[in-house]
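Here's the structure, in structure tokens; my notes come after.
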Amino acid sequence: MSKTLFDKVWDSHVIHRIKNGPDVLFIDRHMVHEVTSPVAFLGLKNRNISVLFPEKTFATADHNTPTKNQHLPVKDPLSANQLKALEENSKLHGISYWGLGHEKNGIVHVVGPEYGITQPGATIVCGDSHTSTHGAFGAIAFGIGTSEVEMVLSAQCIMQPKAKRMRITIDGKLSKGVTPKDVALFIISKLTTSGATGYFVEYAGNVFTEMSMEGRMTVCNLSIEMGARGGMIAPDQKTFEYIKDREFTPKGDDWSKAMKYWSTLKSDEDALFDKELVFDGNKIQPMITYGTNPGMGMSISNGIPSAESQDGGIKTYLKSLEYMNYNEGESMLGKKIDFVFLGSCTNGRIEDFRAFTEIVKGKKKAANVTAWLVPGSHKVEKAIREEGLLKILEEAGFELREPGCSACLAMNDDKIPAGKYAVSTSNRNFEGRQGPGSRTLLASPLVAAAAALTGTVTDPRTLY
Amino acid sequence: MAYDKFKILESTAVPLPIENIDTDQIIPARFLKATERVGFGDNLFRDWRYNSNNNPKKDFVLNNPNYVGKILVGGKNFGSGSSREHAAWAIYDYGFRCVVSSFFADIFRNNCLNIGVLPVQVSPRFLEDIFNTIYKNPKTKLNVDLNKQIIKILENGNSESFEINEYKKGNMLNGYDDIDYLMNMKDSIKEFAKKTPL
Ligand code: SF4
């Protein structure tokens with residue numbers, strides 16, 4: 001029988017199928033961080049069980065780490081306590097731990113691919129919803145809750161019903177200034193934040209095949225924002241080149257064997273999807289969000305849609321605009337910006353810093369804008385220096401911080417103050433996500449760079 | 001973690017007719033720093049419940065003594081966003097045992113089922129009916145019968161059936177969790193691991 005890519009990977013990992021219940025799914029790779037793991041480790045302790053396959057779990061500290069002075073002790077006692085718990089739990093159970101200051105430290109979804117933990121055809125989970133990022137390599141990757149983290153630690157399995165299959169196909173040529181982030185925000189604006197709930201999405205079409213691996217990660221990362229369990233893209237030559245010779249990828253004969261398996265990882269020609277959507281890549285413009293969920297996005301030069309044009313509840317929509325202090329019909333261009341955040345597992349990779357630098361090169365940061373440039377990992381940070389981007393950024397008035405999740409969820413000191421506006425390359429513009437009362441506009445690194453230069457929402461295409 | 005068995009729940013309910021309530025609202029990230037599962041109920045809907053001086057906001061429903069109970073009724077697409085199980089813990093810890101909505105986000109639904117909070121998905125019309133009845137009479141009680149899979153508005157007698165998979169239903173009725181199940185199949189898991197290519 002014909003199978004989709006998702007079917008192939010999922011079905012080959014099912015150990016047991018419970019009638020009228022979930023599948024018992026074997027997990028190849030498990031990533032943990034300090035925030036969603038301590039209670040799971042505590043559960044193991046209470047049940048008096050150990051980690052079944054410690055070599056399949058990898059730990060990194062990222063969610064509440066500071067992005068300045070990482071060599072000093074962490075000031076916030078609660079954060080320090082969580083970091084210490086992760087370190088101790090990792091040591092106790094023999095899990096590799098990339099803590100603060102470790103050369104491999106960084107955001108869990110950035111370091112996974114960097115070191116080859118992420119591989120095609122694998123099942124990958126982490127107690128963080130943006131685990132969907134790893135789907136860019138043709139893996140089934142999704143976020144889980146802490147109870148499930150405990151399951152994976154103790155039994156290397158989770159129990160979930162199989163999701164339905166959706167394929168989103170986009171062909172065409174992306175115009176100048178349109179990045180993978182814009183493609184993703186465009187899709188979410190069409191589907192809304194619940195449009196793919198219950199589905200696992202496969203992205204197809206030349207827009208995705210022509211994307212870099214970094215771009216594919218950005219797209220898959222945002223799958224969760226339309227409610228999907230995860231998103232994936234069939235692995236191709238680009239995928240194999242990216243992962244070859246990374247620390248945890250197979251070498252020699254094992255590589256050849258793996259390649260044989262990996263090359264089968266695509267949807268069969270006549271495979272059936274439960275839902276198929278097609279969009280025209282030529283029509284996508286640079287995007288920006290104007291509301292309090294990632295589905296409230298639009299082309300940067302459009303006006304804010306009216307409440308009546310939405311199929312959701314009008315009251316909720318207006319409440320959202322009220323929070324942002326915006327009105328229906330207004331243009332976003334020219335709106336005042338206080339903060340710019342370049343970073344997160346959505347857009348904290350080297351390609352994103354290259355894009356940002358391209359715009360600000362030879363120009364100056366607006367005096368009234370505070371800019372936080374946070375690399376996704378030490379590896380990214382190193383590349384920024386080595387490629388000479390840091391010098392250009394500094395000449396334009398920017399400084400680089402140390403890696404971590406930072407203002408993406410504002411668990412550390414990087415909080416946008418109440419009422420202030422931030423153009424952020426991260427993934428969520430929920431009320432208070434970037435600090436209590438903060439107002440977030442999600443956009444690409446190019447739009448973020450343009451805002452940092454002008455202090456307003458600006459179409460980056462006018463700057464280069 | 002063990003939780004109370006769920007059989008029949010009859011209670012008044014708290015209405016929250018807002019759509020797309022995300023887990024950052026249910027519990028903001030800055031309250032995720034604990035290493036134990038205690039006290040999350042205090043910060044449930046923190047930024048909707050309290051102003052920046054930590055004074056209760058009068059117009060938020062959890063601060064309105066008219067609306068109490070063990071059932072939370074939310075608008076469409078409840079629990080979207082972050083996978084934090086802390087959101088479900090906060091709901092449980094506050095005293096809710098059941099959340100009713102016309103649509104749930106995937107991970108949130110899963111998390112609830114794993115910790116003993118029953119997510120009950122009803123039709124948009126039935127959800128309206130619940131909201132309207134509660135607003136007319138805050139003392140309105142809902143009856144949620146897990147075994148029969150029926151939710152009933154006692155005030156007007158209207159009811160609707162809801163879905164839950166047999167396995168999860170068994171777990172909730174008995175207070176079991178998935179780890180109990182997985183521990184019993186450890187040998188086949190180890191066998192399977194030997195055969196996986198990765
Ligand atoms: S950067 Fe944001 S979305 Fe990504 S792992 Fe960190 S907190 Fe989660």
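The values are calculated or read from the model by the stated rules, or taken from the named source; none is laboratory data. None of these values were measured; they are calculated from a predicted model. Cβ placement follows ideal geometry from the backbone for every residue including glycine, while neighbour counts extend to all protein chains displayed. Ligands, DNA and RNA are stripped out before the accessible areas are found, and what is left, the full protein with its side chains, is counted by its heavy atoms. Shrake-Rupley method; radii C 1.70, N 1.55, O 1.52, S 1.80 Å.
Residues are listed down the side, and each one gets a yes or a no for (1) within 16 Å of the ligand (Cβ to nearest atom); (2) open to solvent by less than 20 Å² (accessible area, probe 1.4 Å):
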{"residue": "A:9", "(1), (2)": "no, yes"}
{"residue": "A:15", "(1), (2)": "no, no"}
{"residue": "A:25", "(1), (2)": "no, yes"}
{"residue": "A:31", "(1), (2)": "yes, yes"}
{"residue": "A:45", "(1), (2)": "no, no"}
{"residue": "A:49", "(1), (2)": "no, no"}
So if I check each of A:131, A:65, A:60, which one is within 16 Å of the ligand (Cβ to nearest atom) and at the interface with chain B (Cβ under 9 Å from one of its Cβ atoms)?
A:131
Based on what the data block shows, is residue B:9 open to solvent by less than 10 Å² (accessible area, probe 1.4 Å) and either within 16 Å of the ligand (Cβ to nearest atom) or touching an Asp or Glu at 6+ places or on another chain (Cβ under 9 Å) (or both)?
no
Does the stretch A:31-43 contain any residue that is within 11 Å of chain B (Cβ to nearest Cβ) and of a type in the set (Phe, Trp, Tyr)?
yes
Of all residues in the stretch B:157-183 being more than 10 Å from chain A (Cβ to nearest Cβ) and polar (S, T, N, Q), the one that is nearest to residue B:146 (Cα to Cα)
B:161
When you scan the stretch B:49-57, do you find a residue that is closer than 23 Å to residue A:35 by Cβ, surrounded by 15 or more Cβ atoms within 10 Å (Cβ to Cβ), over 14 Å from the mean Cα position of the chain (by Cα) and not small (Gly, Ala, Ser), even just one?
yes
Would you mind listing the strands (runs of 3 or more DSSP E) fully within the stretch B:84-171 where at least 2 residues are over 25 Å from residue B:182 (Cα atoms) and open to solvent by 10 Å² or more (accessible area, probe 1.4 Å)?
B:141-145, B:150-153, B:159-161
How many residues are facing chain B (nearest Cβ under 10 Å), open to solvent by 10 Å² or more (accessible area, probe 1.4 Å) and touching an Asp or Glu at 6+ places or on another chain (Cβ under 9 Å) when one looks only at the stretch A:413-432?
2
Which residues, counting only those in the stretch A:86-128, are more than 15 Å from the ligand (Cβ to nearest atom), on the phi < 0 side of the Ramachandran plot, open to solvent by less than 10 Å² (accessible area, probe 1.4 Å) and not aliphatic (A, V, I, L, M)?
A:90, A:99, A:119, A:120, A:123
Do you know which residues across the stretch B:33-51 are assigned to a loop (DSSP other than H, G, I, E, B) and modelled with pLDDT of 95 or more?
B:44, B:45
Residue under question is residue A:349, and the condition is that it be over 16 Å from the mean Cα position of the chain (by Cα) and either within 16 Å of the ligand (Cβ to nearest atom) or open to solvent by 30 Å² or more (accessible area, probe 1.4 Å) (or both); does it hold?
no
Residue satisfying all of: in the stretch B:82-105; among the aromatic types (Phe, Trp, Tyr) and facing another protein chain (nearest Cβ under 10 Å); nearest to the ligand (Cβ to nearest atom) among these
B:89
Quick one: in the stretch A:188-199, of everything that is more than 10 Å from chain B (Cβ to nearest Cβ) and of a type in the set (A, V, I, L, M, F, W, C), which residue is farthest from the chain's Cα centre (by Cα)?
A:191
Subset of the stretch B:8-24 (residues that are farther than 24 Å from residue B:138 by Cα and either outside any strand (DSSP E or B) or touching a helix residue (DSSP H, G or I) at 6+ places or on another chain (Cβ under 6 Å) (or both))
B:23, B:24
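How many of the residues in the stretch B:172-183 are open to solvent by 40 Å² or more (accessible area, probe 1.4 Å) and not aromatic (Phe, Trp, Tyr)?
Total meeting the criteria: 3.
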Looking only at helices (runs of 4 or more DSSP H) that fall completely inside the stretch A:348-464, which ones have 1 or more residues that are more than 25 Å from residue A:298 (Cβ to Cβ) and not acidic (Asp, Glu)?
A:350-360, A:378-386, A:389-395
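Checking the structure you have, find out if any residue of the stretch A:187-207 is of a type in the set (Phe, Trp, Tyr), away from the ligand (no atom under 16 Å from the Cβ), modelled with pLDDT of 95 or more and not in a strand (DSSP E or B). Please lay out each step first, then the result.
Within the stretch A:187-207, the first condition is being of a type in the set (Phe, Trp, Tyr), and the residues that meet it are A:199-200, A:203.
This time we only want the ones that are away from the ligand (no atom under 16 Å from the Cβ), so: A:199-200, A:203.
Those still in the list that are modelled with pLDDT of 95 or more too: A:199-200, A:203.
The next check asks that each one be not in a strand (DSSP E or B); those that pass are none.
Within the stretch A:187-207, none of the residues are of a type in the set (Phe, Trp, Tyr), away from the ligand (no atom under 16 Å from the Cβ), modelled with pLDDT of 95 or more and not in a strand (DSSP E or B).
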Of all the residues that make up the stretch A:134-176, how many are small (Gly, Ala, Ser), within 16 Å of the ligand (Cβ to nearest atom) and either in contact with a strand residue (DSSP E or B) (Cβ under 6 Å, 6 or more places away or on another chain) or more than 10 Å from chain B (Cβ to nearest Cβ) (or both)?
3
